[in-house]
Amino acid sequence: MQTMQTDVGQIKRVLLKHAKDAFRDDEQIDREWKALNFLARPDRSNAIVEYDAFCDLLSKLGVELEFLPASADTTLDSLYPRDNAVVTDNGIILCTMGKANRQTEPEHQRQHYITRGSKVLGSVTAPGSVEGGDVTWLRNNVLAVANGYRTNAQGIAQLRELTAASVSDFIEVPLPHFRGPSDVFHLMSIISPVADDLAVVYSPLMPVPFRNYLLDSGYRLVEVPEQEYDSQGCNVLAVAPGVCVAVEGNPITKKRLLDAGAEVHTFSGKDICEKGCGGPTCLTRPLERER
Ligand SMILES: NC(=O)NCCC[C@H](N)C(=O)O
């Protein structure tokens, strides 16, 4: 059965933006990386090598890839298309970004969906904001949405209305201040579902009621240690139930996932993940999954 209301079902088709198109040239990188709060200047050549390897890995795992084109009015952050849309069985919901310099990205996804004939259900509109990294499906059509610096109360209210027909339980997860508004801190900075009963989590930043909800619902939690938080240890993409793709360099989290029975495939993400603070879930906007 095909459904988009899962973040762990086998991915059939995914939307990406290749590093060569998000990082158009060295001048763009020089102009933007500090203003976007990248941790260091990304190396375009290595980003392309890493991205090609990431694509090869997804293809080997049975995922069909489609790509957004380069565009003159998007920034380096367009490398992370998950954040521009939320996907439901009733259609795609386009986001309004909480980060000021990402505002043009959702419109490019809209154009892509129109060209492909994909149904767009609606949009979150300003002053509401929702970023896709703040939204994840849990099992049984439960939608968890963070309230933080990127996704606000008006955006959540709009999303609740847009998803009312398809969601059995809509959970709002208040995020802590942590490093403040200029940091990238999404719901998926603290949880990545891996299977219907398994999730990778960073507990020190989790609200207790949400963590208890997961435990009470029967989730087993794979804990990310503090030293692997900044290297995207908690951002793991499930390509199928229990089969995940993770960035290299988080050996403790990887071992814990293997011990929990998961299959783990890693890729090098120095220039496409660590510097821009986005892991494999951020790099991908899955458009079709199977349950
Ligand atoms: N879902 C995600 O966590 N996306 C990562 C986005 C990183 C990007 N540099 C940003 O600040 O929005």
D7 fails exactly one of (1) in contact with an Asp or Glu (Cβ under 8 Å, 6 or more places away or on another chain); (2) within 14 Å of the ligand (Cβ to nearest atom); (3) open to solvent by less than 50 Å² (accessible area, probe 1.4 Å), namely (1)
Among the residues of region 200-208, is any outside any helix (DSSP H, G or I) and in contact (Cβ under 8 Å) with a residue 60 or more places away in the chain?
no
With respect to Y113, is the statement that it is surrounded by 17 or more Cβ atoms within 10 Å (Cβ to Cβ) and free of Cβ contacts under 8 Å to residues at least 40 places away in the same chain true?
yes
For region 129-176, which residues satisfy the criterion of being under 23 Å from Q109 (Cα atoms), hydrophobic (A, V, I, L, M, F, W, C) and in a strand (DSSP E or B)?
V135, W137, L143, A144, V145, A146
Filter region 188-210 for residues that are crowded, with 24+ Cβ neighbours inside 10 Å and within 15 Å of the ligand (Cβ to nearest atom) and give the result.
M188, S189, I190, I191, S192, P193, V200
So D73, is it free of Cβ contacts under 8 Å to residues at least 40 places away in the same chain, surrounded by fewer than 17 Cβ atoms within 10 Å (Cβ to Cβ) and outside any helix (DSSP H, G or I):
yes
Can you find a residue in region 35-46 that is part of a loop (DSSP other than H, G, I, E, B), open to solvent by 10 Å² or more (accessible area, probe 1.4 Å), within 16 Å of K275 (Cα to Cα) and charged (D, E, K, R)?
yes
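The values are calculated or read from the model by the stated rules, or taken from the named source; none is laboratory data. Only a predicted model underlies this, so the values are computations on that prediction, with no experimental measurement involved. FYI the Cβ positions are ideal-geometry reconstructions off the backbone, even for glycines, and counts take in every protein chain you see. Remember, those area values only see protein heavy atoms, side chains included, never the ligands or the DNA or RNA. Shrake-Rupley method; radii C 1.70, N 1.55, O 1.52, S 1.80 Å.
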